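What follows is a set of notes on a single structure, which appears directly below.
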Amino acid sequence: MAEAMTDEQIELVVVAGARPNFMKVAPILLELEKRPGFRVFLIHTGQHYDEAMSTGFFRDLGIAEPDLNLGVGSGTHAEMTADVLRRVEPVLIERQPGGLVVVGDVNSTLAATLAASKLGVPIAHVEAGLRSFDREMPEEINRILTDSISDWLFVTEPSGRENLLREGVDEGRIHLVGNVMIDTLLSNREKARESDVLDRLGLEEGGYAALTLHRPSNVDDPAQLAALFAVFEEIHSEMPVVFPIHPRTRAAVERQLGDRPPAIQMIDPLGYLDFLRLMADARFVLTDSGGVQEETTVLGVPCLTLRENTERPVTITQGTNQIVGRDPGTIRTEVRKILDGRAKQGRIPDLWDGGAAARIVDQLAADLNAR
Ligand code: UD1
Ligand code: UDP
């Protein structure tokens, strides 16, 4: 990807590190490939590294392997952030790119941004401005800090713009462009229909619930985890609950519930196309994921979010998402409504139309060429 350079080209360093980052960088990389004025150097920080959490997505999404993997692996927040900072800095010094593109809100996002900022590399943050207003969420700290030192703030929904303006950000830095994760969903929707995941798992269209769970607030506390699994087991007695389990959650389940494995359908994390098919044909989705709240809105599938808040309010005000918290009674009531045919209906938010990456690259081209 980094070959075939000419002097007139502007090099962009694009950074990805954890599962949701790959779906977000993919449409930007594919768009940049079409633009002769740019060349790309793709860095994978290595924050996620299992085949099922990392390599598989490059194949599924049709994007080239990273030019460099920093291999930071797992650790505490400080360890991961510090390792990315130390390892990305010499690469930025050597390459002197025209800009850095970061996505989302993971530790890799913040660390790469901080390194670039001190080196004077202009930074584009894709998915800026989202706020849960919950500083116990590690991602909230990453969002606030990343936005505060980025030059372009590419926003997915109106709340992002409002939050940034409230924080005193200059309006000229904010660009409401839509949602790159939805670009990826729309361009893979047809391919995902061919996935045989339902046959492999013995499921029928509309006859199961899909579950994802990995937020520390849900999985790190044994009492919380046990209470949630008790509700999932109840639902499973009526309709299969299929859970592609995040490695963080698998470790917590083994540690905390090891003597009695939960009676639901637990499977390894799925590839993107399989997971898209699983979501699209589910009767409903239970999740604490950020991205899944948005994807279910576009798919028109009811989504119950097992959190007390969301940084993606448009999925509530316009989409099919509902915040149900962690109270078993509330979860039960909302599941019952869906099973009785009273699921929330929604619409697709403006600009979630498959064109976000093109709008981002247009803006970058205009601004970088003017420098
Ligand atoms: C990270 C992000 C979170 C994002 C999630 C997406 C931060 C602060 N958190 O959370 O915002 O929603 O990714 O999935 O950046 N592990 C493996 N194999 C892997 C990756 C992780 O076994 O390939 C295990 C390790 O035990 C690791 C744990 O999962 O310690 C947590 O990984 P980490 O990247 O720290 O956080 P996530 O919970 O994945
Ligand atoms: N996803 C996937 N396989 C799975 C679970 C999720 O491909 O088994 C995809 C999902 O469709 C979305 C992204 O991973 O595109 C969301 O990542 P995750 O929930 O890990 O992170 P978050 O969005 O919460 O930061």
When both residues are 6+ apart or on different chains and their Cβ atoms are under 9 Å apart, which pairs have a first residue that lies in region 227-255 and is in a loop (DSSP other than H, G, I, E, B) and modelled with pLDDT of 95 or more, and a second that is within 16 Å of ligand 1 (Cβ to nearest atom) and aliphatic (A, V, I, L, M)?
-> 245/211; 245/213; 245/253; 245/266; 245/267; 246/53; 246/213; 246/219
Taking residue 183 and the conditions (1) crowded, with 22+ Cβ neighbours inside 10 Å; (2) touching a residue at least 40 places away in the same chain (Cβ under 8 Å); (3) in contact with a Phe, Trp or Tyr (Cβ under 8 Å, 6 or more places away or on another chain), which numbered condition does it fall short on, given that it satisfies the others?
-> (3)
Closer than 20 Å to residue 289 by Cβ, part of a strand (DSSP E or B) and within 16 Å of ligand 2 (Cβ to nearest atom) - does that describe any residue in region 5-18?
-> yes
What is the residue count in region 85-114 for residues that are within 16 Å of ligand 1 (Cβ to nearest atom) and not β-branched (Val, Ile, Thr)?
-> 10
Out of curiosity, is residue 60 acidic (Asp, Glu), assigned to a loop (DSSP other than H, G, I, E, B) and closer than 27 Å to residue 293 by Cβ?
-> no
Could you tell me which residue of region 311-327 is farthest from residue 229 (Cα to Cα), considering only residues that are among the hydroxyl-bearing types (Ser, Thr, Tyr) and surrounded by 21 or more Cβ atoms within 10 Å (Cβ to Cβ)?
-> 315
Regarding residue 269, is this residue touching an Asp or Glu at 6+ places or on another chain (Cβ under 8 Å), open to solvent by 40 Å² or more (accessible area, probe 1.4 Å) and within 14 Å of ligand 1 (Cβ to nearest atom)?
-> no
Check whether at least one residue in region 272-282 is of a type outside the set (Gly, Ala, Ser), crowded, with 20+ Cβ neighbours inside 10 Å and within 14 Å of ligand 1 (Cβ to nearest atom), and report yes or no.
-> yes
Within region 63-84, which residues are open to solvent by 30 Å² or more (accessible area, probe 1.4 Å), in a helix (DSSP H, G or I) and either under 16 Å from residue 121 (Cβ atoms) or away from ligand 1 (no atom under 13 Å from the Cβ) (or both)?
-> 82
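The values are calculated or read from the model by the stated rules, or taken from the named source; none is laboratory data. Remember, it's a predicted structure, so these values are computed and weren't measured experimentally. Cβ atoms come from the backbone with ideal geometry, glycine included; neighbour counts cover every protein chain shown. To get the accessible areas, we keep the full protein, side chains included, count just its heavy atoms, and leave off ligands, DNA and RNA. Shrake-Rupley method; radii C 1.70, N 1.55, O 1.52, S 1.80 Å.
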